[in-house]
1. Only residues in the stretch 131-146 that are closer than 12 Å to H175 by Cβ count as the first member; pair them with residues that are assigned to a strand (DSSP E or B) and among the polar types (S, T, N, Q), Cβ under 6 angstrom, at least 6 apart or cross-chain, and list the lot.
2. Out of all the residues in the stretch 100-121, is one or more in contact (Cβ under 8 Å) with a residue 60 or more places away in the chain, at negative phi and in a loop (DSSP other than H, G, I, E, B)?
3. Against the condition aromatic (F, W, Y) and open to solvent by 80 Å² or more (accessible area, probe 1.4 Å), how does Y120 come out, does it pass?
4. Within the stretch 154-190, which residues are farther than 23 Å from A47 by Cα and within 13 Å of the ligand (Cβ to nearest atom)?
5. Within the stretch 103-115, is even one residue closer than 18 Å to I38 by Cβ and under 12 Å from the mean Cα position of the chain (by Cα)?
6. Among the residues of the stretch 164-193, how many are farther than 18 Å from Y18 by Cα, of a type in the set (A, V, I, L, M, F, W, C) and part of a helix (DSSP H, G or I)?
7. Could you tell me whether I68 is hydrophobic (A, V, I, L, M, F, W, C), in contact with a Ser or Thr (Cβ under 8 Å, 6 or more places away or on another chain) and within 11 Å of the ligand (Cβ to nearest atom)?
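The values are calculated or read from the model by the stated rules, or taken from the named source; none is laboratory data. Since we're looking at a predicted model, the values are computed, not measured. Note: ideal-geometry Cβ built from the backbone for every residue, glycine included; neighbour counts use all protein chains shown. Side chains are part of the model used for accessible areas, which takes the heavy atoms of the whole protein and leaves out ligands, DNA and RNA. Shrake-Rupley method; radii C 1.70, N 1.55, O 1.52, S 1.80 Å.
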Amino acid sequence: MHNILFITHNKHKFEEAYEKAKLFNINLQWINVEYEEIQDDSLEEIARSSCLKILELRPDLKDKSFFIEDAGLFIDYLKGFPGPYSSYVFRTIGNHGILKLLYDVPDNKRSAFFKSVIAYYNAGQIELFSGIAQGKIIKELRGTQGFGFDPIFMPVGSNKTFAQMNKESKNLKGHRGKSLQELFTSLSNRLRL
Ligand code: IMP
């Protein structure tokens, strides 16, 4: 069993990642480090800079392996808004605000995607892994599982929102499931070498 740290303050994210890690025989450990996230147009830049900030705050992590993850919801009709600003938008206008912005927008123009970027730190290097989930914003909130924009996002090929899925199903279709799959596949290939 290989040990890796996932630094996040989000319990749901950790639980999704823990489930996925088990499939790769990786023992994921959760630590929470308070750090300030930069605002930037690129999730990759945010993820990389968060990693560097954490190393500044916690020099004891320099000889450990850890990763952080940053995600955003990109709505095509709103030209990619809220994207990297998703956290602020969720805290301010929330799901109801997004539905208001899309009021009267027909079904065929409600496409959106989630993107997840993982920054993995090991031995002085940072590597990025990403995953995308295509789907649409439905017209009302559905489901009670998950977090954030899950109740209004329905992935392509499903008639359920992320909030109507258990963690396993969300991981199969979800952006974070995909970026984690990339990370863990890469790690298990290396560990076998
Ligand atoms: P964060 O900066 O990666 O924590 O994510 C930005 C915002 O996007 C969060 O506040 C969540 O509201 C939302 N978000 C991130 N990942 C997900 C997800 O898997 N489902 C629903 N909302 C998400």
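1. What qualifies is G131/S116.
2. So far as the stretch 100-121 goes, no, none of its residues is in contact (Cβ under 8 Å) with a residue 60 or more places away in the chain, at negative phi and in a loop (DSSP other than H, G, I, E, B).
3. Taking the combined requirement at face value, the residue does not satisfy it.
4. Correct list: M154, P155, T161, F162, A163, Q164, M165, K167, S169.
5. The answer is yes; a qualifying residue exists.
6. So the answer is 1.
7. Against the criterion (hydrophobic (A, V, I, L, M, F, W, C), in contact with a Ser or Thr (Cβ under 8 Å, 6 or more places away or on another chain) and within 11 Å of the ligand (Cβ to nearest atom)), I68 qualifies.
Rundown of residues vs (1) more than 20 Å from F153 (Cα to Cα); (2) within 14 Å of the ligand (Cβ to nearest atom), yes/no style:
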{"residue": "I4", "(1), (2)": "yes, no"}
{"residue": "H9", "(1), (2)": "yes, yes"}
{"residue": "K13", "(1), (2)": "no, yes"}
{"residue": "I26", "(1), (2)": "yes, no"}
{"residue": "L43", "(1), (2)": "no, yes"}
{"residue": "I46", "(1), (2)": "yes, yes"}
{"residue": "I75", "(1), (2)": "no, yes"}
{"residue": "L78", "(1), (2)": "no, no"}
